[in-house]
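Step one of this worksheet: look at the structure below.
What follows draws every value from the coordinates through simple rules; no lab data is involved. Just so it is clear, the model here is predicted, and its values are computed rather than measured. Every residue, glycine as well, gets a Cβ built from its backbone with ideal geometry; the counts of neighbours run over all protein chains shown.
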Amino acid sequence: MTPAVLVLRDGRVFRGEALGAIGEASGEVIFNTAMTGYQEILT
């Protein structure tokens, strides 16, 4: 796997591993702890 970095607007940095396409992107981060309904969140 490829090393990846998530940088938030407030400057916090989270390091991890990329799965899938490699590249730079910007967007919205969604956090969900529900056991169901995750498909609806992605649409």
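Among the residues of region 1-17, write down those that are basic (Lys, Arg) and closer than 12 Å to Val29 by Cα. Result: Arg9, single match. For region 7-20, the condition holds for at least one residue, the condition being that it is surrounded by 10 or more Cβ atoms within 10 Å (Cβ to Cβ), under 11 Å from the mean Cα position of the chain (by Cα) and aromatic (Phe, Trp, Tyr). Taking the criterion of being more than 13 Å from the chain's Cα centre (by Cα) and either surrounded by 10 or more Cβ atoms within 10 Å (Cβ to Cβ) or touching a residue at least 12 places away in the same chain (Cβ under 8 Å) (or both), the residues of region 23-43 that qualify are Tyr38, Ile41. Among the residues making up region 24-43, those that are among the polar types (S, T, N, Q) and more than 23 Å from Val7 (Cα to Cα) are Thr36, Gln39, Thr43.
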